[in-house]
Amino acid sequence: METLLDKKQVAELLNISVKTLDIWIQKQKAPLPVRIGRMVRFKKSEVEAFIQNLTVEGI
C-alpha cells in the first residue's frame, strides 16, 4: 500500500502553509487529494511527481 500524507506533511514538503495548500487544492494547482471519509490525504508518489514537475518547469 502506498504511503499517504496529510495536508501538514505536504505543506512542509512544499515549504508553504496549509492555507496556501488549501487554495491550491481549490484552484486544482496541487496534487489530487484522496478523500477517505472526512480525511484528506495525498499519495506520496504524486506529491513527489508534483515537486519534480515544478522543478523541471522552473528551469
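The rows are residues; the columns are (1) exposed (fewer than 12 other Cβ atoms within 10 Å of the Cβ); (2) in a helix (DSSP H, G or I); (3) touching a residue at least 12 places away in the same chain (Cβ under 8 Å).
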{"residue": "Met1", "(1), (2), (3)": "yes, no, no"}
{"residue": "Glu12", "(1), (2), (3)": "no, yes, no"}
{"residue": "Ile16", "(1), (2), (3)": "no, no, no"}
{"residue": "Pro31", "(1), (2), (3)": "no, no, yes"}
{"residue": "Ile51", "(1), (2), (3)": "no, yes, yes"}
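Among residues that are surrounded by 14 or more Cβ atoms within 10 Å (Cβ to Cβ) and not in a helix (DSSP H, G or I), Val47 is not included. If the condition is being aliphatic (A, V, I, L, M) and surrounded by fewer than 16 Cβ atoms within 10 Å (Cβ to Cβ), then segment 18-29 contributes Val18, Ile23.
Would you tally the residues in segment 21-40 being more than 11 Å from the chain's Cα centre (by Cα) and polar (S, T, N, Q)? Within segment 21-40, residues that are more than 11 Å from the chain's Cα centre (by Cα) and polar (S, T, N, Q) number 1.
Read-outs throughout are calculated quantities, based only on the coordinates presented, and are distinct from any laboratory measurement. Just so it is clear, the model here is predicted, and its values are computed rather than measured. We place every Cβ from the backbone using ideal geometry, glycine too, and count neighbours over all the protein chains shown.
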